[in-house]
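Have a look at the structure below before the remarks.
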Amino acid sequence: MRHNDSVARDYEPLTDYLVVQMDPEVVLRFDQMDAMVKGGLPPSAHKHAAWWANSIWSRPLSRIWLDAGRNAHPDFQAGVVRFTFGGDNAFVKVIS
């Protein structure tokens, strides 16, 4: 993600928030995440499930939640994303 390092830094507050949450499921509204992310989430994050893919290979910005040991599950109708423990990078940031 070298070419996106500055973009990734914009999302660090969201990653940092998710890292310290101990609940098995963290639910955040889109407006809460918009407030955490510099410049807010892109419009595509508010309407496309592919933006929330839990794969660093298909969606490099998924490191935002994967580095916090979470998988993302958007619910556009409810206007929220559920972050649950799991994924290939689970606890990577917590341990390191």
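The values are calculated or read from the model by the stated rules, or taken from the named source; none is laboratory data. All of these numbers come straight from a predicted model, not from anything done at the bench. For neighbour counting, all protein chains shown are included, and Cβ atoms are generated from backbone atoms with ideal geometry for every residue, glycine included.
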Taking only pairs six or more apart or across chains, which ones have beta-carbon atoms under 6 Å, a first residue in the stretch 1-15 that is within 15 Å of Gly40 (Cβ to Cβ) and surrounded by 15 or more Cβ atoms within 10 Å (Cβ to Cβ), and a second residue that is at pLDDT 80 or above and of a type in the set (D, E, K, R)? Asp10/Lys38
Selection count where residues are over 16 Å from Phe30 (Cβ atoms), of a type outside the set (S, T, N, Q) and crowded, with 18+ Cβ neighbours inside 10 Å, scope the stretch 48-83: 6
Conditions first: (1) loosely packed, with under 14 Cβ neighbours inside 10 Å; (2) not in a helix (DSSP H, G or I); (3) not hydrophobic (A, V, I, L, M, F, W, C). Asp31 passes all but one, so which condition is the exception? (2)
Considering residues that are exposed (fewer than 12 other Cβ atoms within 10 Å of the Cβ) and assigned to a helix (DSSP H, G or I), the number found within the stretch 16-28 is 1
